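The structure under discussion appears below in the form of structure tokens.
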Amino acid sequence: MGRDPVKLLLRTDVDLARIISNVGKYSIEIHDNPFESLVRSIIYQQLAGKSANAIFQRFIGFYGNSFPLPNQIVDTDAMILRKIGLSYKKITYVKDLSTKITMGELLLDKLVNLSDEQVISELVKVKGIGRWTAEMFLIFCLKREDVFPLSDLGIKKAIKLLYNLDTLPSNEFIVSKSAKWRPYRSIAAWYLWKSLNNFTTIG
């Protein structure tokens, strides 16, 4: 209790310490609504931030500028969601998520009591939610402090720059280097994202 994760990371790794000093205060943005967090992740998949923001705002606008309940999404005609800007695949994904919640197959309020791997195991049962999306949920919604998304391209680019590598690092290299950041790898990941210019808007 009372440990300062950032101070610990500063003492543990002089290379990461340079990024921490450049980025400044740790100020992660937490999404308190689990359902909204997952829907947002689906909508933002494989889209540039500006385009994703526009679609998300139209999505919210359709529901009176308040985030819809799962049953509202289930009841929304797919063609309406298509006109808002969601692809057919993403419509399938948000409806599958919403259906699983309304049917009691996915209990979002119970996830907080599960381990990281158990949470991932539950979430990847939903169409369109893979390990990376589940890891983002762990970091930005459940506030888990020791999650490190190995497949994240931004993380790979940041580590490449951090260690002056000629190519993107292998998973083995990342696992080895990130081991010293335990038990605060989520916080280290946030700093790595923030070290890249195109990740300045991340939560």
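The values are calculated or read from the model by the stated rules, or taken from the named source; none is laboratory data. All figures in this text were calculated on a predicted structure; none of them were measured in a lab. No Cβ is skipped: glycine too gets one built from the backbone with ideal geometry, and neighbour counts run over all protein chains shown. Surface accessibility is based on the protein's heavy atoms, side chains included, excluding ligands, DNA and RNA. Shrake-Rupley method; radii C 1.70, N 1.55, O 1.52, S 1.80 Å.
Taking the conditions (1) in a helix (DSSP H, G or I); (2) surrounded by 13 or more Cβ atoms within 10 Å (Cβ to Cβ) in turn, ILE129 satisfies each one other than (1).
What do you reckon, is ILE174 hydrophobic (A, V, I, L, M, F, W, C), without any contact (Cβ under 8 Å) to a residue 40 or more places away in the chain and surrounded by 13 or more Cβ atoms within 10 Å (Cβ to Cβ)? Walk me through it before giving the result.
On the way: hydrophobic (A, V, I, L, M, F, W, C): yes; without any contact (Cβ under 8 Å) to a residue 40 or more places away in the chain: yes; surrounded by 13 or more Cβ atoms within 10 Å (Cβ to Cβ): yes.
Against the criterion (hydrophobic (A, V, I, L, M, F, W, C), without any contact (Cβ under 8 Å) to a residue 40 or more places away in the chain and surrounded by 13 or more Cβ atoms within 10 Å (Cβ to Cβ)), ILE174 qualifies.
The residue pairs whose first member lies in the range 62-79 and is closer than 18 Å to LEU97 by Cα and hydroxyl-bearing (Ser, Thr, Tyr), whose second member is open to solvent by 60 Å² or more (accessible area, probe 1.4 Å) and part of a helix (DSSP H, G or I), and whose beta carbons are closer than 9 Å, counting only pairs six or more residues apart or on different chains, are TYR63/GLN72; THR76/PHE62. All conditions in (1) closer than 18 Å to ILE19 by Cα; (2) assigned to a helix (DSSP H, G or I); (3) out of contact with any Lys or Arg (no Cβ under 9 Å at 6 or more places or on another chain); (4) among the hydrophobic types (A, V, I, L, M, F, W, C) hold for LEU165, with the sole exception of (2). Using the structure shown, decide if ILE174 is modelled with pLDDT of 95 or more and under 20 Å from ILE20 (Cα atoms). The answer is yes for ILE174.
Condition test on PRO149, is it closer than 22 Å to ALA52 by Cα, assigned to a loop (DSSP other than H, G, I, E, B) and either out of contact with any Cys (no Cβ under 8 Å at 6 or more places or on another chain) or open to solvent by 30 Å² or more (accessible area, probe 1.4 Å) (or both)? The answer is yes for PRO149.
Can you give me the number of residues within the range 45-90 that are farther than 17 Å from PHE35 by Cα, polar (S, T, N, Q) and either in contact with a strand residue (DSSP E or B) (Cβ under 6 Å, 6 or more places away or on another chain) or part of a loop (DSSP other than H, G, I, E, B) (or both)? Summing the residues that are farther than 17 Å from PHE35 by Cα, polar (S, T, N, Q) and either in contact with a strand residue (DSSP E or B) (Cβ under 6 Å, 6 or more places away or on another chain) or part of a loop (DSSP other than H, G, I, E, B) (or both) in the range 45-90 gives 2. Please indicate, with yes or no, whether at least one residue in the range 24-39 is of a type in the set (S, T, N, Q), open to solvent by less than 20 Å² (accessible area, probe 1.4 Å) and either modelled with pLDDT of 95 or more or under 19 Å from SER186 (Cβ atoms) (or both). Yes, there is a match, as at least one residue in the range 24-39 is of a type in the set (S, T, N, Q), open to solvent by less than 20 Å² (accessible area, probe 1.4 Å) and either modelled with pLDDT of 95 or more or under 19 Å from SER186 (Cβ atoms) (or both). Among the candidates ASP109, ASP166, ASP116, the residue that is among the acidic types (Asp, Glu) and more than 30 Å from ILE73 (Cβ to Cβ) is uniquely ASP166. Taken over the range 106-126, the criterion of being more than 20 Å from PRO70 (Cα to Cα) and in a loop (DSSP other than H, G, I, E, B) is satisfied by LEU114, SER115.
Within the range 1-23, can you find the residues that are closer than 19 Å to SER176 by Cα and open to solvent by less than 70 Å² (accessible area, probe 1.4 Å)? Across the range 1-23, the qualifying residues are LEU8, LEU9, LEU10, THR12, ASP13, ASP15, LEU16, ALA17, ILE19. In the set (1) closer than 17 Å to ASP116 by Cβ; (2) of a type outside the set (D, E, K, R); (3) modelled with pLDDT of 95 or more, the condition left unmet by SER151 is number (3).
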